[in-house]
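Every read-out reported here was derived from the displayed coordinates using simple, explicitly stated rules and does not represent laboratory data. For clarity, every value in this text was computed on a predicted model and none was experimentally measured. Virtual Cβ from ideal backbone geometry, glycine too; neighbours counted across all protein chains shown.
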Amino acid sequence: ATPTALLVGTGRAAQLGILIKGPEILESTRQVDTMVLDKTGTVTEGRMQLADVLAPSAVPTRHVVGMAADTGVDDLRAQVLNLAGAVESGSEHPIARAITEAATAGGTTLPRITNFSNHAGRGVSATVDDGGTAREVLVGRPSWLATQGVAGVGDDDEVARAHRHAESDGATAVAVAWDGEARGVLTLQDEVKPTSAEAVAQLKQLGITPHLLTGDNRAAAERVAAEVGIAPENVIAEVLPDQKLDVVKDLQDRGRVVAMVGDGVNDAAALAQAGQRGLGLAMGTGTDVAIEASDITLVRGDLRAAPTAIRVSRGTLRIIK
Ligand code: ADP
Ligand code: MG
């Protein structure tokens, strides 16, 4: 295409809420044959809601330090939510926001935390002041908790089973542990954006193969994929943030011209990698880090802007006035 045509293209795109960093980007956009979509916040709303607090009754009460022996499961559930909410107040992850929101509902104030630490794609930890008792609280994947020396997350343990069960139902689930022992499970639900299925259908019509990429569990990822029309073999789940880049590289090594769409801090490296030979697209509703790493920003956070950007670059878009 001529430079003028490209400039016209970027102008049209801007009118449609698609911000392109430079006209030359439209040239590589034309070649794209594969689109990798981040799940949380890109295909889904990214506004998770707490669905359930599970404190398997088989957790022996003698392990619940500082609680009376006859303490009921409901008190334990309240404590699971309260302590997890406190730790998650240090994180901005959609999981964290959902948990903190639920834990503070009804005006409950959260215990103070110190030594907060975030383990990307795995979970969070902090020291929580639980009514004068300092507790080391961890919230995250059971497999990560196990590496931190937490007991009660073995395959046959109640917490691990409750976690697996929630995940096989298609929920996002995290385990909560303190004082070295797994105590409960929090399950979360996220809604697919109403425009995502149409966006995926449009991509397929353009001959582009959509993939779903996520750090979340496979069942939750496949549930979302089925809802929007992405084939199960194109679902790449349980990917750690630093491996998202390798997924893009792998596809590139197989000769694909990859566009990646993401919104999170954990998508930035993969977005930049896609941009080297294809295209990185950030949700305008996402993090600044993702936007900076990308060639294109989809201002409204509507995934349909992704196929629109492809159509603009192919010069096949007609603006209907
Ligand atoms: P996604 O790719 O969907 O954006 P992430 O890579 O951010 O997901 O996270 C992957 C997994 O890591 C989550 O499903 C969760 O199990 C765990 N995790 C990440 N951040 C947190 C957090 N703040 N609290 C608890 N668990 C977390
Ligand atoms: Mg995301």
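On alpha carbon coordinates alone, what is the Rg over Rh value for the chain, Rh being the Kirkwood radius? On the Cα set of the chain, Rg over Rh gives 1.05. For the options GLY301, GLY152, GLY207, a Gaussian network treatment of the chain with springs between C-alpha atoms closer than 10 Å singles out GLY207 as fluctuating the most. When the GluC sites (Glu not before Pro) in segment 166-223 are filtered for DSSP coil states and for at most 16 other beta-carbon atoms within 10 Å of their beta-carbon, the remaining sites are GLU191.
Taking a ≥ b ≥ c as the square roots of the eigenvalues of the Cα gyration tensor, segment 1-42 is oblate, since a/c reaches 1.5 or more and a/b is not larger than b/c.
By the rule of a C-alpha distance below 14 Å, with chain neighbours fewer than 8 residues away ignored, the aspartates and glutamates paired with LYS21 are GLU292, ASP295. Annotation: the antiparallel percentage among DSSP beta bridges lying fully within the chain is about 65.
Between the C-alpha center of segment 176-203 and that of segment 220-246 there is a gap of 12 Å.
Think of it as helices only: each DSSP H run of n ≥ 4 in the chain is worth -39500 (n - 2.57), and spread over all residues that comes to -11000 deg cm²/dmol at 222 nm. Residue by residue, segment 113-123 carries 3J(HN,Hα) couplings of 10, 9, 6, 4, 9, 9, 10, 3, x, 10, x Hz when phi is fed to the Karplus relation 6.51 cos²θ - 1.76 cosθ + 1.60 (θ = phi - 60°); x denotes Gly or Pro.
If I require 30 Å or longer along the helix axis, counting alpha carbons, and a Kyte-Doolittle average no lower than 0.0, what helices from the chain are left? Use full DSSP H segments. Membrane-span-like by this criterion, though nothing is claimed about a membrane: none.
Near ASN234: Cβ cut-off under 12 Å, other residues only, Lys/Arg at +1 and Asp/Glu at -1. The net charge is 0.
Excluding same-chain neighbours fewer than eight residues apart, the lysines reachable from LYS39 by a Cα-Cα span under 17 Å are LYS193, LYS244. Stokes-Einstein D for segment 49-189 at 4 °C, 1.567 mPa s, Kirkwood Rh over Cα pairs, in µm²/s? In µm²/s, the coefficient rounds to 89.
For segment 49-189, the relative contact order works out to 26 percent when only alpha carbon pairs closer than 8 Å and six or more residues apart are counted.
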